[in-house]
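The structure appears right after this line, and notes come after that.
What follows is calculated from the coordinates using simple rules that are stated; it is not laboratory data. Bear in mind that the values here come from a model prediction, so they are computed numbers and not experimental data. Note: ideal-geometry Cβ built from the backbone for every residue, glycine included; neighbour counts use all protein chains shown.
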Amino acid sequence: MHTTHAKAVVLLIGLAALARLLPHPPNFTPVLAMALFAGSYIADRRLAVLVPLLAMVITDAVIGWHATLPYVYGALVVTVGIGMWMANRRTAMTVVGATLVGSLLFFSVTNSGVWVSQGLYPHNPAGLLACYVAALPFLQTSLLGDLFYAALLFGSMACWEQWMTHRSRTA
């Protein structure tokens, strides 16, 4: 990846991370989109994982720590992997599909983390089901936020790439 291109990717992830600090509806965040975007655009696998996790650690230091962070961060690492898979298949449909898959994966992993770590539900299948059912109202805003921020990140990068291509042809 060209240095200017890499800087644009990291800048977009940083701006998205800062959006976590703004007032927003519950779960309407750029978290999942940052991980997909990093996996899709950062060729170095270690950096693709490190950049969004570092953005999360920095913003979590401001927002606060909680017991489910290992599940959140683990789900993000898997989501970076989904982004890596779509790197050479980047179309509007693959971005939407990967975002939906990532959202459902994130919902499943993080809510199982709530079930395991918070003691709010019995540790049996009925308790896990109750945890997922209780979290369903948050799934809608998560999906909307994930789709919004994925469109924003991937769309911004596509516009930037098109502008750079046009600029290099006219130079």
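Think of the chain as a dipole: +1 on every Lys or Arg Cβ, -1 on every Asp or Glu Cβ, centred on the Cα centre; then among A87, H166, S156, H166 lies furthest on the positive end. Derived scalar couplings between HN and Hα for region 126-131 equal 5, x, 5, 4, 4, 5 Hz in order, rounded to whole Hz, by the Karplus curve 6.51 cos²θ - 1.76 cosθ + 1.60 (θ = phi - 60°), x for Gly and Pro.
A simple spin-label model places pseudo-atoms 7 Å from Cα toward Cβ; at V78 and H66 they are separated by 1.9 nm.
When you filter the trypsin sites (Lys or Arg not before Pro) in region 28-135 for DSSP loop state and at most 12 other Cβ atoms inside 10 Å of their Cβ, you are left with R89. Over the chain, the fraction of Cα-Cα pairs per 10 Å bin, rounded to whole percents and listed from the shortest bin up, is 10, 38, 33, 14, 4, 1, 0. Measuring nothing but how far apart in sequence close Cα pairs (under 8 Å, 6+ apart) lie, relative to its length, the chain scores a relative contact order of 30 percent. Overall, the anisotropy analysis places region 88-143 in the prolate class: the square-rooted eigenvalues a ≥ b ≥ c of its C-alpha gyration tensor yield a/c not less than 1.5, with a/b exceeding b/c. When M34, M84 are arranged by Cβ crowding within 10 Å, least crowded first, meaning fewest neighbours, the order is M84, M34. What do you get for the angle between helix 69-86 and the principal long axis of the chain? Use alpha-carbon atoms, 0 to 90 degrees, nearest ten. Value to nearest ten degrees: 40. Rounded to the nearest 20, the Cβ-based charge dipole of region 3-170 about its Cα centre (Lys and Arg +1, Asp and Glu -1) stands at 440 debye.
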